Amino acid sequence: MKRYGMVIHLKPEKIADYIELHRTVWPEVLAILSRHFVKNYSIFLKDNLLFGYLEYHGDNYVLDMQQVADYPVTKRWWELTVPCQQPLASSSEGEWWSLMQEVFHLE
């Protein structure tokens, strides 16, 4: 299992929309994430900054995340969530959520 932390800005005018979307995440989206070895996924909000945490239990994170992205229902979900978000100024080319370096963990 590998832990992932990621961060992205949330547009201030979209905060209420984003929170409402995540009160009732589509079951199909949750099933797809589970099918691709994502567990213990949380998103936190502070000062227009979203912090995501997930645990990945598979063998090829990049491939699994690409497969998640390829589902039509994922694309429809992202049509709603992506306009709420804005990548960090320090994001790499093409990076949406910026992956973070884990520097400490207590189990």
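So which of Lys14/Lys39; Lys46/Lys75; Lys14/Lys46; Lys14/Lys75; Lys2/Lys46 end up more than 22 Å apart by C-alpha?
Flagged as over cut-off: Lys14/Lys39; Lys46/Lys75; Lys2/Lys46.
Simple spin-label model, 7 Å along Cα-to-Cβ: Asp70 to Glu55 in nm?
Between Asp70 and Glu55, the simple spin-label model gives 2.8 nm.
Please name which of Ala69, Met6, Ser91 has its Cα lying farthest along the dipole of the stretch 2-91 towards the positive end, using unit charges on Cβ (Lys, Arg +1; Asp, Glu -1) and the Cα centre as origin.
Met6
Can you tell which of His57, His36, His22 shows the greatest fluctuation in a Gaussian network model of the chain with Cα springs below 10 Å?
Of His57, His36, His22, the Gaussian network model singles out His22 as fluctuating most.
Which value in nm describes the separation of the simple spin-label points at Asp47 and Met100, placed 7 Å from the Cα toward the beta carbon?
The two pseudo-label positions are separated by 1.3 nm.
Compute the separation of the alpha-carbon centres of the stretch 74-107 and the stretch 1-35 and state it in Å as a whole number.
A separation of 10 Å, based on Cα centres.
Test of understanding: what is the full-extension gain from Glu28 to Lys2, defined as 0.36 nm times their sequence separation minus their Cα-Cα distance?
Going from the current span to full extension adds 7.0 nm.
How many nm is it between the label spots at Lys14 and Leu80, if each spot is 7 Å from the Cα in line with the beta carbon?
Result for the modelled spin labels: 1.4 nm.
We did not get these values from a lab; they are worked out from the coordinates using the rules stated. Model, not experiment: these values are computed from the prediction. Using ideal geometry, Cβ is built from the backbone for each residue, glycine included, and neighbour counts are taken over all protein chains shown.
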